[in-house]
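The values are calculated or read from the model by the stated rules, or taken from the named source; none is laboratory data. Note that the structure is predicted; figures quoted are calculated from it, not measured. Cβ: placed from backbone, ideal geometry, glycine included. Neighbour counts: every protein chain shown. In case anyone asks, the SASA skips ligands and DNA or RNA and just uses the protein heavy atoms, side chains included. Shrake-Rupley method; radii C 1.70, N 1.55, O 1.52, S 1.80 Å.
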Amino acid sequence: MEQAVITGLGCLSCLGNSTSQFWDCLNTGQSGVSEISGFHRENLRNTKAGEIKIPPDMLAYAKERDIASRISLFAHWAIEEALADSGLTPEVLNTPKVGLVLGVSLGMSLVQQTLDYGEHDSIGGPQDVLDDFSLLIEDLVETFSVGGEAHVITTACASGTNAIGIAKDMISYEGYDVVICGGVDTLDRMKYLGHTALNTLTTTTVKPFTEEREGTLFGEGAGILVLQKKSAVEPGAGYAICSGTGYSCDAQYVTAPDETGTGAIRVMREALNDAGVTPEDIGYINLHGSGTVANDVMECTAIEQLFGDTATFIPLSSIKPAIGHTMGAAGAIEAVATVLAVRHQQIPPTCDLGGGTSFPLQVIRGNPIKARVSHALSNSFGFGGNNGAVLFSSVVL
Amino acid sequence: MVCPPSNPDPIVISGIGLLSALGTDRQGFFDFLSGAPGKRPGLPECGEGPLLNFLGIQDPRLKIARYMDPTSKNAIVALGQALQDADLDSEAIQENPHNYGILFGNLRGPLETRAKLYEAFEKKNRRIVSGTLFSQCGYNMAAAMSAVAYGIKGPNLTFTSPRNLVIYLLRRGTQLLWKNCVHTIFLGCSTQRNTSESGDHSQLGELAMVLCMENKSHALQRRAVGYVEFEETLCSSQVDMGSFESGNMYVASSLLNDVSDASALVKQTESMNLHTPEELRLDEAFVPLIKLGFLVNGIRGGACSSGFLINQVNKETSIISLRRGKT
């Protein structure tokens, strides 16, 4: 069975407009979360977010390509970086053996999308956004000459992780040569109002895996991975191998996880089995770690149950305090961080924003650590009980 | 792209669930579609309001949440029908819930819920939104609520694509079954009425259809009957139709227009002219799923022993072949 090697990365978040900026800022413990400037902050439970302040060069990029919406701009920008990183040209991509799989959380946004939010944070109603993702996907396919299958997966906050899993399996099981995959998402006032109503937002800062946690904050951006079949790549080349994936559904609640962690255990175990590795082989787990009361205790329970005695030895971290919960992009941006952890044998820290009593697991906070990471897991859990996990392995095993 | 693993467990379709403005009668729906214009039974008198209300369908599973979009409710009903048709009971799912998955296609999300969200938002002077409605706004909710209704805990994935959505859905289902992370996938769609100002808001746009796909080994193990074997192959764009058997098959002839020798083949076969039923206002993207269901239904009902569904997909010809299952 063909393995999938990651040969290109693209990343856009409030920490920076490139993968290298993102990784550098992450490892210096920075947070890009700031006061929301793009839409009205009235009646929001928290007025901070991982908002991307679009710089002039990105605006120029958008204007050059006639891109009119944030989600399209973010997707284009990150895909362009990832493809340049991989060295793949449009000629190579224009065959049925090249695919595109993107994750977006809610599906089409609830508000009309423009580049800047301006006065468009609320519109007359969903009639204006009746359409589907056709335009976004068609546009990306045309821009990047993707000749094969292109689609969007919408599994809430597990979308990005599920998209990567699907892409990996397309290479392993369906004969694809290349699949561009990841996730993209944008902030808007309706999402913040919705999460205000649901009490998922913290009133302070995001404190994952602490006793003091009380909610999350959201962000936006895009994470893109270029997966290629291993037999077409130089031995030892690439960032890492996407070696395992798992999917499950809690089938219980819409806005909260199954507190027993059964679904989370299932996806992590499936990813391990898919990769042919054992719990003891895992050198790092990139947590979903949203900082909500329900998620973190569930995820901690799941890790303890699955990993048993080794649970306390595995370094863990969540990057959500640094960039916010980027929804459909979260699983993909976190996958980028996980891939880089494997590549650089370094665990990015959880941004330490005010301390707290940590769970009794090895949550890396404040500063990165060097570690032997042959295999690493990245988890994502979303509304509707959607769960996903992907496992990355070193190319030099 | 279709590259099965070595010795793949064949895939079968063992059940169909369908809900439309014509009711829950699957055969009646397919008879309506296949009837010649002018010979069809009249369409129902439909008006405002959800389809399930119009049909008078009630089910305890429709009360699993305080609020659900009509597309979620319709999906729950259709999935239940697929279970029944496949002779699967909920106890089997409860024993191994992670071995069952759900794959849905969705083009526009839960429009009625989104409209209600905005209505409520306006009433509150654009200051607050309903958390309940907001939480049901995602494209994934029909699949998610179906999982809650039946306790299905395997992969739960919702896809959208501007082209070939049904083919991609089938490939994803095939991928998961080959991988053996599940042995049964409920695959389908649940579409909504056109609630825009220019739409007529009637139930005629509502449709939910679910196929039960499973590994053949599992179907044999549970002694399933009446299943149809399913396989997709890919060809270069020039397909030699002479290579296919010409007797005793239904062919979705409208899809053969681009294929050489199609007209000759169609003349030789007993064929049904299954054209896009515009009167039902069905979403074009899901017509291949309906045609697939029509063929499966015909094969299972004994009208024929095999059938083909042909589509042009990304410069290749996809041929889905269906054969009456052999035990």
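The table for this structure:
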| item | result |
| --- | --- |
| Scaled radius of gyration (Cα, divided by 2.2 N^0.38 Å) that the stretch A:252-297 gives | 1.30 |
| The stretch A:27-99-the stretch A:357-390 distance, computed between alpha-carbon centres (Å) | 24 Å |
| Chains B and A together, accessible area buried on both sides, 1.4 angstrom probe, square angstrom | 5300 Å² |
| Per residue accessible area of the protein assembly as shown, 1.4 Å probe, in Å² | 34 Å² |
| Amide H contacts under 5 Å for residue A:255, placed H, 5+ residues apart | A:384 |
| Exposed GluC sites (Glu not before Pro) absent - longest run of chain A, DSSP non-H/G/I/E/B, at most 12 other C-beta within 10 Å | A:212-397 |
| Sparsely packed trypsin sites (Lys or Arg not before Pro) within the stretch A:360-397, loop by DSSP, other Cβ within 10 Å at most 15 | A:372 |
| Cα-based Rg and Dmax for the protein assembly as shown, where Dmax is the largest Cα-Cα distance (Å) | 24.5, 77 |
| Of all DSSP beta bridges in chain A, antiparallel share, percent nearest 5 | 65 percent |
| Amide proton proximity set for residue A:145, modelled H, under 5 Å, gap of 5+ | none |
| With all protein chains modelled, accessible area of residue A:59 [1.4 Å, Å²] | 80 Å² |
| Under-28-angstrom lysine pairs by C-alpha in the stretch B:52-200, whenever the two are 8 or more apart or on separate chains | 11 |
| Most mobile of A:145, A:231, A:318 in a GNM of chain A (Cα contacts under 10 Å) | A:231 |
| 3J(HN,Hα) from dihedral phi, the stretch A:320-332, Karplus parametrisation 6.51/-1.76/1.60, rounded to Hz, x for glycine, proline | 5, x, 7, 10, x, 7, 8, 6, x, 7, 4, x, 7 |
| In order through the stretch A:340-354: 3J(HN,Hα) via Karplus (6.51 cos²θ - 1.76 cosθ + 1.60), integer Hz, x for Gly, Pro | 5, 4, 5, 5, 9, 6, 9, 8, x, x, 7, 4, 8, 10, x |
| Karplus-derived HN-Hα couplings along the stretch A:57-74 (A = 6.51, B = -1.76, C = 1.60, θ = phi - 60°), whole Hz, x at Gly and Pro | 5, 6, 5, 5, 4, 5, 5, 4, 9, 6, 8, 10, 10, 4, 5, 5, 4, 4 |
| Whether the stretch A:268-397 is rounded, prolate or oblate, judged on the alpha carbon gyration tensor where a/c under 1.5 counts as rounded | rounded |
| Within the protein assembly as shown, helix-based [θ] at 222 nm, where runs of 4 or more DSSP H residues each add -39,500 (n - 2.57), nearest 500 | -9500 deg cm²/dmol |
| Positive minus negative residues near residue A:385 (Lys, Arg vs Asp, Glu; Cβ under 15 Å) | -2 |
| Trypsin sites (Lys or Arg not before Pro) restricted to DSSP loop in the stretch A:29-100 with at most 16 other C-beta within 10 Å | A:41, A:53, A:65 |
| Of A:279, A:303, A:323, farthest towards positive along the dipole that unit charges on Lys, Arg, Asp, Glu beta carbons give the stretch A:273-324 | A:323 |
| Unit charges on C-beta of K, R, D, E only; dipole of the protein assembly as shown, Debye | 820 debye |
| Residue (of A:151, A:344, B:190) at the positive-pole extreme of the protein assembly as shown, dipole from beta-carbon charges | B:190 |
| Dipole of the protein assembly as shown [Lys/Arg +1, Asp/Glu -1 at C-beta], most positive-end residue of A:13, A:238, B:86 | B:86 |
| Rounded if a/c under 1.5, otherwise prolate or oblate - the stretch A:169-276, Cα gyration tensor axes | prolate |
| Gyration tensor verdict on the stretch B:40-158 (Cα atoms; rounded if a/c is under 1.5, prolate if a/b is larger than b/c, oblate otherwise) | oblate |
| Electrostatic dipole magnitude of chain A [Cβ: Lys, Arg +1; Asp, Glu -1; Cα centre; debye, to 20] | 780 debye |
